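Notes follow the structure.
The values are calculated or read from the model by the stated rules, or taken from the named source; none is laboratory data. All values derive from a computational prediction rather than experimental measurement. Note that each Cβ is placed from the backbone with ideal geometry, even for glycine, and that neighbours are counted across all protein chains shown.
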Amino acid sequence: MTVRLYDTRSQALRELDPVVPGRVGIYVCGPTVQSSPHIGHLRSALSYDVMRRWLAHSGLAVTLIRNVTDIDDKILDAAPKAGSEWWAHAYRVELEFAAAYRALGIQEPTYEPRATGHIGEMIALIGRLVEAGHAYPAEDGSGDVWFDVASWPDYGVLTRQTGDDFVAGDGEGRAKRSPRDFALWKGRKAEEPESASWPSPWGAGRPGWHIECSAMAERYLGSEFDVHGGGLDLRFPHHENELAQSTSAGSPFARLWVHNGLVTVAGQKMSKSLGNSVFAADLLGAARPVVVRYALEAAHYRSDLDHSAGSLVEAEEAVARIERFVERAVDAGAPPAPAIVPPAFAAAMDDDLGVPQALAVLHDTIRRGNQAIDAGELQAAGEALGAVRAMVGVLGIDPADPAWSAGVQDDGSREALGALVERLIEERQEARRARDFAAADRVRDELAAAGIALTDTGDGTRWSIDGR
RNA sequence: GGUGGGGUGGCCGAGAGGCGAGGCAACGGCCUGCAAAGCCGUGUACGCGGGUUCGAAUCCCGUCCCCACCUCCA
């Protein structure tokens, strides 16, 4: 069974054919730690989390590298406004990202390199480019080093931005040969903090944005690796420039380029000017992490995902349905069966990570499992339960995953509450046995008012808080 | 202007020439003391206009609209 992924460069579904059989190396552009994580960052990280989980499930040894850009114009810009040193600001934001990722059950990457930890690799790579005639130090004494786009005929192959149809990049008016040339190294400016510069053969300065990914991908994954991922908005110029740098320096670089779709909010692009940004904290305050995760996985990773208040409500219902089935099957005494993913699920995932179709298989399996429980066919119910557990594991939405309760402090209050609720349930049962339904309903209403729902089942009454 | 991606039922969201993915919501039924849950059933969906075909949401032509990137962005 082979996995196919949509490759941006060839604009086609391509078979994942690992450089090293049995292993797969993935490089994903992580965040520039300038401000708090938002829904788009989470969606992106989640896309590659699902990818790595599926590849690992398929028996591949996955090496996932997701970088942190912790030195950059925007960080230098944001830090003073936050009243911090740039490095303190970057680190604080990085910790916010880590917390949000953890909350959503996004598995830790194999390694998470920081740009500032790889200045040496970047300088070495820039040196290779200068030597090969693909880069040049500026002649204005600025200490800048530019990539010479004209020296690399393949420039633009990733996004077909050939010719001169596009607008000049950054560094307008600087001493570069062509407006299309981009910065590999930025000489230190007088007003910039000394702590934000490193010595180099071209003078003190700091790296340009794109060079870090080329340098770190090569260091951890080798000069040729399997998948390079990131948000759709990074295709140009970021990924185009990475590709140009690495290939012109003699590295084959990524075999497949994967780009995840962006998130809109109520149909609009999220932007600071519109003030409609949805931050990780907003989401996690509005719904359980597993629900947020489900909501962000519900659309195919390459589609736009529109977020609205309703999407979390819907996801909550869907997740609750999964949870109820698992609980029901266990309560019914369904015998354990191996956790095997159904063939239709595997086929959907193999086909460019078709999570929406995979979810359809999951829900089908749940319906069939419920039918089996209703019919008393415990063997079949157990098999459905095993399949559901396997699928839910791959998608990272297993309700039983300890990750969801990792951050929850349990001081015993849940058990204390349980004891009280059980007493009230017993009271209600006695009323029901006496056919005093008014009294029975009063108990149920009082509990409901406190946010506790009761459900009568074949063997006893279950309770839950807000449907959890 | 250049490059890429879209317009699917009340909503979300798959599919990409031929049995109406799936979820949510709604309605009817079974079950229940009543609910809830679960199950069963109910939808003349594919921007618009032409065309090809035995058959088109899917292909072709035309047309309208939306979005992203080309400047920092997941």
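General remarks:
- Of all residues in the range A:341-370, those satisfying the criterion of being touching a residue at least 40 places away in the same chain (Cβ under 8 Å), among the charged types (D, E, K, R) and within 10 Å of RNA strand B (Cβ to nearest atom) are A:ASP351, A:ASP352.
- A:SER273 meets all of the listed conditions (1) in a loop (DSSP other than H, G, I, E, B); (2) modelled with pLDDT of 90 or more; (3) more than 7 Å from RNA strand B (Cβ to nearest atom); (4) hydroxyl-bearing (Ser, Thr, Tyr) but one, namely (2).
- One residue stands out among those in the range A:25-39 that are in a loop (DSSP other than H, G, I, E, B) and within 8 Å of RNA strand B (Cβ to nearest atom): the one that is farthest from A:CYS213 (Cα to Cα), which is A:GLN34.
- Of the numbered criteria (1) away from RNA strand B (no atom under 12 Å from the Cβ); (2) assigned to a strand (DSSP E or B), the one A:SER214 fails is (2).
- Checked against the criterion of being surrounded by fewer than 18 Cβ atoms within 10 Å (Cβ to Cβ) and either assigned to a helix (DSSP H, G or I) or without any contact (Cβ under 8 Å) to a residue 60 or more places away in the chain (or both), the candidates A:LEU95, A:LEU129 yield just one match: A:LEU95.
- With respect to the stated conditions, A:GLU426 fails to be modelled with pLDDT under 95 and within 12 Å of RNA strand B (Cβ to nearest atom).
- Candidate set: the range A:146-163, residues that are without any contact (Cβ under 8 Å) to a residue 60 or more places away in the chain and buried (at least 19 other Cβ atoms within 10 Å of the Cβ); chosen: the one farthest from RNA strand B (Cβ to nearest atom): A:ASP148
- Among the residues making up the range A:235-253, those that are touching a strand residue (DSSP E or B) at 6+ places or on another chain (Cβ under 7 Å) and within 15 Å of RNA strand B (Cβ to nearest atom) are A:ARG235, A:PRO237, A:HIS239, A:ASN241, A:LEU243, A:ALA244, A:GLN245.
- Answer residue from the range A:182-217, given it is of a type outside the set (Lys, Arg), free of Cβ contacts under 8 Å to residues at least 60 places away in the same chain and surrounded by fewer than 17 Cβ atoms within 10 Å (Cβ to Cβ) and is nearest to A:ASN241 (Cα to Cα) among those: A:PRO199
- The one condition in (1) farther than 24 Å from A:LEU232 by Cβ; (2) in contact with a helix residue (DSSP H, G or I) (Cβ under 6 Å, 6 or more places away or on another chain) that A:ALA295 fails to fulfil: (1)
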